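Peer 1: Once you've had a glance at the structure underneath, I'll fire off some questions.
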Amino acid sequence: MTTANITLVTTDELTQLHDISVETFAATFGAMNTPENLAAYLEHDLSPEQLRQELATPTDSFYFIKVNDQLAGYGKLRRHADNLEIQRVYVRKAFQHHGLGRQFLEFAEQTATTEGFTKLTLGVWEHNTNALAFYKVMGYQRYGAHTFDLGSDHQTDFLMEKSL
């Protein structure tokens, strides 16, 4: 397993955050969605303006996942009243299958415990079978679903949780 260094993203790193957000989302979901819906999502939900707003939100934190000072991926955590939500975990293709996603989930668990949360939650697209299997192995269980809009496509995300 490759050892990751997980660091808090600052507003000075907005360009890097935007670039890796667009790159990893397009690489992960581009082939499974129309170019129009993908472009709409990238231009709105992952725009520099949107990411800047999220970086400024006190309950939200972005983290870079680095390997030997190379930006390998990123994650986002959001604090709610009763749980810590893992909103994003993306790893660049060249760094996948090296345990980086697992390390970010373990980092999220440690963060949740340190901050007094007893539950982690996340949402995952119903057709993302690899991620669903991974989260199940990591101890997450499905408890519901909600709609995720990707452009004009209304998709279903399964909601999963893990008690700590």
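The values are calculated or read from the model by the stated rules, or taken from the named source; none is laboratory data. Computed from a predicted model, the values in this text were never measured in an experiment. Glycine gets a Cβ as well: all are built from the backbone with ideal geometry, and neighbour counts include every protein chain shown.
Peer 1: So Asp149 clears everything in (1) part of a strand (DSSP E or B); (2) within 17 Å of the chain's Cα centre (by Cα); (3) surrounded by fewer than 17 Cβ atoms within 10 Å (Cβ to Cβ); (4) at pLDDT 95 or above except one condition, right? Which one?
Peer 2: (4)
Peer 1: If you don't mind, there's one more thing I want to ask. Of the conditions (1) in contact (Cβ under 8 Å) with a residue 12 or more places away in the chain; (2) not in a loop (DSSP other than H, G, I, E, B), Gly30 clears all except one; give me its number.
Peer 2: (1)
Peer 1: While we're here: Which condition from (1) surrounded by 13 or more Cβ atoms within 10 Å (Cβ to Cβ); (2) at pLDDT 95 or above; (3) not polar (S, T, N, Q) is the one that Ala131 breaks?
Peer 2: Looking at each condition in turn, Ala131 falls short on (2).
Peer 1: Now for a different question. Considering every residue within the stretch 83-100, establish whether at least one is assigned to a helix (DSSP H, G or I), within 20 Å of Met160 (Cβ to Cβ), at pLDDT 95 or above and within 16 Å of the chain's Cα centre (by Cα).
Peer 2: The answer is yes, given that some residue of the stretch 83-100 is assigned to a helix (DSSP H, G or I), within 20 Å of Met160 (Cβ to Cβ), at pLDDT 95 or above and within 16 Å of the chain's Cα centre (by Cα).
Peer 1: Let me ask you something else. Any residue that is assigned to a helix (DSSP H, G or I) and loosely packed, with under 14 Cβ neighbours inside 10 Å - is there at least one of those in the stretch 7-14?
Peer 2: Yes; the residues of the stretch 7-14 include at least one that is assigned to a helix (DSSP H, G or I) and loosely packed, with under 14 Cβ neighbours inside 10 Å.
Peer 1: Which condition number in (1) touching a strand residue (DSSP E or B) at 6+ places or on another chain (Cβ under 9 Å); (2) surrounded by 14 or more Cβ atoms within 10 Å (Cβ to Cβ) is the one that Thr3 fails?
Peer 2: Result: Thr3 fails condition (2) only.
Peer 1: State which residue is farthest from Thr111 (Cα to Cα) when the search covers only the stretch 53-70 and only residues that are part of a strand (DSSP E or B) and of a type in the set (A, V, I, L, M, F, W, C).
Peer 2: Among them, the one singled out is Val67.
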